[in-house]
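Written below as structure tokens is the structure these notes are about.
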């Protein structure tokens, strides 16, 4: 996976000197630091000749009882200052960048070959070549989009407008115009595919950026207005016209944002009902344009949004809608266009993320190779770089974590036997894809060429759309890998398929150190806890509504539901207390599924780790007990700092707490953590027993 570059390892005398100096710089007196150091028993042995990588990251100016996240990772943060071209920065970025460098070599080798059309090498090579051909990209400018811009100019009616929306929605992926639609498994019958419609069409990630006013939203909003103006200045070459168009599109998107709502909704309705809900759109015509020729019903996710949209289509001037289409066309393609289009986009995006300059071009291109050609490049990557002996270790670990969760469910004192049996059935049927799949998909018909980077992006997205539409006439094949599968850094859980996947990147978490050098404490506390997190998503506040086959239904008794909600309230209240930025709180309710899975994942990974030989022997590694190493590994795998803008964006959406709060919030609830680091009442990381969450 990652190239094994050796990182600098200072000898023990330099290690001691550096730690002494850092402790002297602290506001805490040196001897207090020394006493704390000894009391918590985490100082690496003086007999060591090579410093343990977890020990190297310790920040002795911070107490583990006050801020474990900083204590465990602060040393690394101090040695690795935030680069300008990152919005988030941590150890995982270093590991990820090494994987990207290897993918680059695979892509360069493919581009150098004259491979037959439809082969993996041709697809990867042509995509990479056009992305890296900066001279051609800049020479082409907006020319690859000229036909689309001309089509927008010819729009004369709402019917024409929706026809063009269909064109963009076929190639936009999740970057939708006006509204969002896609093919998914039917929540009520997971063996069938359905087409679902939901709210969409806004450029700033959260509707809060349009309707709320604080220092962060104002900054992003102003940058977005500037982006609108610069885009229209390029298109219309007149500042007064550009200003008018920019204001009109902003106002239109703000109205779409105000129509957003959070309520969960899943209703299958006939096309005739959809036509009554939003009669301004000819829905049969729209569906035909996106390739759906035979269907009598769709799934509606946000009906009130479509009612509001129908009003906007009738009241907003058509010319404003045309300008909206022009802007959305440019924005969704800006990362693949010339330097000017990308520069205008990045000037806005950096207000949103905090990154001061873009990633290197090769990194941006190789990430797109991974997104559009995830399976093909993974197949090449695995043949070249993936050690054959790694996957079995993680497969065995996944089964030990499954067994640990099974034991926890069986021992629950608040859940009825009826619900327990269904929960155990779901856990037993859960599919685990570890590292890479056993069956690959066929990408040979994707029509990539060596002519235009942006056109290759469009071709790839249209191809994905067409493959999705084909599913509507076929039953769900649960053995088939999702075409969008990638070597991305994040693991995941599919509710409808009851499937967990852990990507290959999780097998290489420590730059410069091979998997064979990693002890079980690290593997279970890091990748193991993340795998446990994904497993537990099947039983979180959302996943619990899906049964063993992935069909949405409430299989809990009312009493079990009440007990579950009572226990989750403790976790909600805890995260509501966190204020990562002045005036911005974590949303404990909205982030509950992730916070609960974080906690459950650590608990079941810890249970599984306790059955390993390393835990039973209780021998120190790097100066730490196995239990201490487990918790340090958990913090290590979330060793990420974020720019304030990125933290604010995360808090704005509300679905994820920042990494510091995700680490500290979990550990505050685990008795073994109190034992490992000698927490006492009054410590900042300590909470009374009755204020600790006990769910699974």
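None of the figures in this text is laboratory data; all of them are computed from the coordinates on show. Given the structure is predicted, the values throughout are model-derived calculations rather than measurements. Reconstructed Cβ throughout: ideal geometry from the backbone, glycine too, with neighbour counts over all protein chains shown.
Rounded to 0.05, the FRET efficiency of the residue 310 and residue 672 pair, given R0 = 51 Å and the Cβ-Cβ distance, is 0.35.
Legend: ranking of residues 332, 553 from fewest to most surrounding C-beta atoms inside 10 Å; resulting order 553, 332.
Restricting the calculation to alpha carbons of region 161-318 gives Rg and Dmax of 17.1, 55 angstrom.
Pairwise Cα distances in region 607-672 exceed 16 Å in 57 percent of cases. Each peptide among 337-344, 531-538 gets the average number of other Cβ atoms lying within 10 Å of its residues, and from highest to lowest they stand as 531-538, 337-344. Treating the angle as unsigned and between 0 and 90°, give the value, to the nearest 10°, between the Cα long axis of helix 318-333 and the longest Cα principal axis of the chain. Once rounded, the angle reads 40 degrees. Remark: spin-label model distance residue 542-residue 282 equals 3.7 nm, labels positioned 7 Å along the Cα→Cβ axis.
Tell me whether region 96-204 comes out rounded, prolate or oblate; compute the Cα gyration tensor, take square roots of the eigenvalues as a ≥ b ≥ c, and use a/c under 1.5 as the rounded threshold.
Details: a/c = 2.40, a/b = 1.35, b/c = 1.77.
Oblate, because a/c is 1.5 or more while a/b does not exceed b/c.
Each residue of region 276-352 gets 153 Å³ once the volume of the Cα convex hull is shared out per residue. Ordering 387-400, 583-596 by mean Cβ neighbour count within 10 Å, with the highest value first, yields 583-596, 387-400. For region 124-175 versus region 563-628, the inter-centroid distance based on Cα atoms is 45 Å.
Among 678-688, 269-279, 53-63, 240-250, sorting by the average number of other beta carbon atoms lying within 10 angstrom of each residue, highest first, gives 53-63, 240-250, 269-279, 678-688. Stretching the chain fully between residue 184 and residue 79 yields a gain of 33.3 nm (0.36 nm per residue, less the alpha carbon separation).
How large is the helix-only mean residue ellipticity at 222 nm for the chain, computed as the sum of -39500 (n - 2.57) over DSSP H runs with n ≥ 4, divided by its residue count, in deg cm²/dmol to the nearest 500? Intermediate results must be reported in sequence, preceding the final value.
Working: 31 runs with 375 residues, N = 696.
Helix-only estimate at 222 nm: -17000 deg cm²/dmol.
Comparing Cα centroids, region 210-264 and region 419-486 end up 34 angstrom apart. Would you mind checking the tilt of helix 558-576 against the longest principal axis of the Cα atoms of the chain, expressed as 0 to 90 degrees and rounded to 10? Approximately 80 degrees, to the nearest 10.
Computed from label points 7 Å out along Cα-Cβ, the spacing between residue 431 and residue 157 is 4.5 nm. Sorted fewest first by neighbouring Cβ atoms within 10 angstrom, 361, 629 come out as 361, 629. So what's the angle, to the nearest 10 degrees on a 0 to 90 scale, between helix 239-258 and the longest Cα principal axis of the chain? Relative to the chain, helix 239-258 is tipped by roughly 60 degrees. Per residue, the convex hull spanned by the Cα atoms of region 512-560 amounts to 115 cubic angstrom.
With a Förster radius of 35 Å applied to the beta-carbon distance between residue 364 and residue 413, the computed FRET efficiency rounds to 0.10.
Once R0 is set to 56 Å, what does the formula 1/(1 + (r/R0)^6) return for the Cβ-Cβ distance between residue 251 and residue 618, expressed as a FRET efficiency to the nearest 0.05?
Details: r = 65 Å, r/R0 = 1.16.
The computed FRET efficiency comes out at 0.30.
If you work out percent of Cα pairs over 44 Å apart from the coordinates, which of [x] 34; [y] 51; [z] 25 do you get? Evaluating percent of Cα pairs over 44 Å apart on these atoms matches [z].
Here 432, 204 are placed in order of increasing Cβ neighbour count within 10 Å, fewest first, which gives 432, 204.
Using 0.36 nm per residue, how much length does the chain from residue 566 to residue 150 gain when fully extended, once their Cα-Cα distance is taken away?
On the way: separation 416, 0.36 × 416 = 149.76 nm, distance 5.80 nm.
Contour length minus the Cα-Cα distance gives 144.0 nm.
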